[in-house]
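Worksheet: one structure, shown below.
The values are calculated or read from the model by the stated rules, or taken from the named source; none is laboratory data. A quick note: this is a predicted structure, and the numbers were derived from the prediction, not measured. In this analysis, Cβ positions are derived from the backbone assuming ideal geometry, glycine residues included, and neighbour counts consider all displayed protein chains.
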Amino acid sequence: MTPPPEVRIKDLTVVYRTPAGELPAVSRVDLTLSPGTITGVVGESGSGKSTLALSLLNAVQPPGRIAGGSVEIDGLGDVLRLGGESLRRTRGSRIGYVFQAAQNSLNPLKTIGGQLLDLGRSHEVDDLRGLVREAKDLLARMGMDGARVLDSYQHELSGGMRQRVGIMLALVLNAKVVVLDEPTTALDMITQATILRIVREIHEERGLTTLVITHDVGAVAEVADTLAVMYGGRVVEHGPVTDVLGSPEHPYTQGLIRAIPRLTGDISLARALPGRPPTLGTLPVGGCVFRERCERRMEVCETVEPARTDHDGRSVACHAAPLTPAKHKEFV
Amino acid sequence: MTVIINPEGVGDPLTGPATTTRATLRRNFWRGVWRVMRRKPSRMAGVAIVALFALMGVFGPLLYPGHLPRDDNALYAAPSLAHPFGTDFEGTDVLALVVTGARYVLLTGLATALITVALGTAIGLFAGFRRGRWDTALMRLTDMNLAIPGLPLLLVLSTVWKFTGPLEMGLVLGLLGWGGIARAVRSQTLSLRERGFIEAARGLGLPTTHIIGRELLPGMAPYIAMNMLIAVTGAVYAQVGLFFLGVLPFESNNWGVMLNLAVFNGGALTTPAALPYLLAPLLAILLLTLGIVLIVDAMDEIFNPRLREE
């Protein structure tokens, strides 16, 4: 088995063309996915999570444009420099992608098997029988009857089954880098837990490097090894998941965790973050992007964008953070 | 679109021997079509009518001698057993005229439908998928095509160009008629291309030609098939109208020629003698339209796997 590849996102900037000019959705993001780990990315809607994930495939659609930076994957080089045929071949066979709302990402007019064969032919798989066997194994691995699923149309499968089929299609060509965009959205709690367990298990079995995009902090706590918190197109905090959730250093991460209602105890203890998430248009141009909602705002935040500071394998971008690491012991 | 699985499960890697029988039953496209057709008797009637006309077009002229026999003693004869729809001004059997005339009419209709649908679909798909500059240019072209009044242009064209055969006629009608389909296919493409499964296909590295041809196009298949059938009737009306107005040379047997001769030579509107001569081609057009409309009803169910199954 080939070792899991490392993914290095460096200085990545993605802009969207709007009537008000080109606005950055992802702004100078540095993020390294260590080989064989699951990295979670959390953030509010519009924080640039999905755009970041699409950049890994170099699949940002117009009016979006990757304005700078690089995404280097071991054995592939810089994905952003690929184009045309080589890019197409990379997608699916080297980088597996499970799309947001994977329940809708199957063709309603074709059987799953038909779509699997399409995928195989597009990537010039000679041994289609082997591909089908592989698919059946994967489906069985995820607790489904492979023969039946391959013979079904998407309307004959439940939401959780479709999600698993999406994961199967992303893995069946033996991709080593897997991106899951909101893998548990719109699924019930039990199915969510099952999907997360499957992601975890398959990740370990196949030696993958996985990126999970979500806005569900609970889900990410369950599945990820490291966690990146995004706000306003920037990675504001990044580190091992237990550290980031156990003792968050960035005021935004602290606010996010405070906003989670506890299963036990008083629900009213959960406090929403003040203010509203920025849109591309309302994002502050200079200074810290979070300052308007921040309780520790200082003068320097108005003018200087906080630099990333690293310590103990984690990093945070906040002027106030290194001084006052708040402990949140009550969070498991 | 179909996944046809042969009984032994040899040719297709999808199924093992255990599931083949059921899979064969469920996944055969034509079996599904047959099932959809059987659901309503009206659809079967439509199929029967269209099949009848198709046979007429293919074999009709073979049933009769090259020059239809005349009978000077039976000009404008009333309907009888020998002549179910009477005879024309030369004593030729009207039924024979309708049957032998079907080939010209249907060939034109078919050629028109093929050209209309092929051009309209290609232009609509391309414009909708590419968007941007190509879209703008192609849609202005479509606007022009839609704005040109068809019949007057045909009248003008017919003065300078004698359409010599059904295929030429179909070509001209087809080139005039693709605008509506292009417009509609483009809007469908614009809507479908934003759907999740298209994004997923792109993300899984399927080639663009595959995405357009195998993912987008089948979604519009019922609409396109429906338009194709309706284009046949449109072409039949247009050419019969042209022949009826007498702007084209009467070189061969055609329903429009019959209508023209019945009205302007036979005085069918004033005397009852030529009435069967007028009504027979009209009845043929009516029946053909009816057959097509009855089949169109089934299109959505045929192409939607959810409705196709039991």
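Could you tell me whether B:THR121 is of a type in the set (Ser, Thr, Tyr), away from every other protein chain (no Cβ under 14 Å), in contact (Cβ under 8 Å) with a residue 12 or more places away in the chain and closer than 26 Å to A:ASN104 by Cα? Yes: the conditions hold for B:THR121.
When the test is whether a residue is within 18 Å of A:VAL7 (Cβ to Cβ) and either more than 13 Å from chain B (Cβ to nearest Cβ) or touching a residue at least 24 places away in the same chain (Cβ under 8 Å) (or both), A:VAL217 does not pass it. Across segment B:126-184, which residue is surrounded by the fewest Cβ atoms within 10 Å (Cβ to Cβ) among those that are of a type in the set (Lys, Arg) and touching a Pro at 6+ places or on another chain (Cβ under 9 Å)? It comes out as B:LYS162. The number of residues in segment B:54-81 being outside any helix (DSSP H, G or I) and not small (Gly, Ala, Ser) comes to 13.
Table: residues versus (1) more than 11 Å from every other protein chain (Cβ to nearest Cβ); (2) over 25 Å from B:THR208 (Cα atoms).
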position	(1), (2)
A:LEU117	no, no
A:ASP126	yes, no
A:ARG133	no, yes
A:MET142	yes, yes
A:GLY146	no, yes
A:VAL165	no, no
A:LEU169	no, no
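Scanning segment A:296-321 for residues that are in a loop (DSSP other than H, G, I, E, B) and in contact with a helix residue (DSSP H, G or I) (Cβ under 6 Å, 6 or more places away or on another chain), which turns out nearest to A:GLY233 (Cα to Cα)? It comes out as A:HIS319.
Based on this model, can you work out whether B:ALA273 counts as more than 27 Å from A:LYS110 (Cα to Cα), at pLDDT below 85 and either part of a helix (DSSP H, G or I) or among the aromatic types (Phe, Trp, Tyr) (or both)? Yes: the conditions hold for B:ALA273. Check whether at least one residue in segment A:91-99 is assigned to a loop (DSSP other than H, G, I, E, B) and within 7 Å of another protein chain (Cβ to nearest Cβ), and report yes or no. Yes, some residue in segment A:91-99 is assigned to a loop (DSSP other than H, G, I, E, B) and within 7 Å of another protein chain (Cβ to nearest Cβ). Answer with yes or no whether A:LEU52 is buried (at least 21 other Cβ atoms within 10 Å of the Cβ) and out of contact with any helix residue (DSSP H, G or I) (no Cβ under 8 Å at 6 or more places or on another chain). Yes: the conditions hold for A:LEU52. The criterion of at least 3 residues that are surrounded by fewer than 23 Cβ atoms within 10 Å (Cβ to Cβ) and in the same structural domain as A:ARG308 (by TED's automatic domain parsing) is met by none of the strands (runs of 3 or more DSSP E) falling completely within segment A:181-271. Taken as a whole, the condition of being surrounded by fewer than 24 Cβ atoms within 10 Å (Cβ to Cβ) and either in contact with a Pro (Cβ under 8 Å, 6 or more places away or on another chain) or closer than 27 Å to A:PHE290 by Cα (or both) applies to A:GLY68. Screening B:ALA231, B:ALA200 for residues that are closer than 19 Å to B:LEU107 by Cα and either at pLDDT 85 or above or surrounded by 14 or more Cβ atoms within 10 Å (Cβ to Cβ) (or both) leaves exactly one candidate, B:ALA231. In the set (1) of a type in the set (A, V, I, L, M); (2) assigned to a helix (DSSP H, G or I); (3) free of Cβ contacts under 8 Å to residues at least 40 places away in the same chain, B:LEU206 fails one condition alone, (2).
Quick one: count up the residues across segment B:163-215 that are over 30 Å from B:PHE243 (Cβ atoms), in contact with a Ser or Thr (Cβ under 6 Å, 6 or more places away or on another chain) and more than 9 Å from every other protein chain (Cβ to nearest Cβ). Matching residues across segment B:163-215 total 1.
For first residues located in segment B:219-233 and closer than 18 Å to B:LEU307 by Cα, partners that are acidic (Asp, Glu) and lie 6+ apart or on another chain with Cβ distances below 7 Å form the pairs B:PRO222/B:ASP300.
Just one of the numbered conditions (1) in contact with a Gly (Cβ under 9 Å, 6 or more places away or on another chain); (2) touching a residue at least 60 places away in the same chain (Cβ under 8 Å) is not true of B:ALA200: (2).
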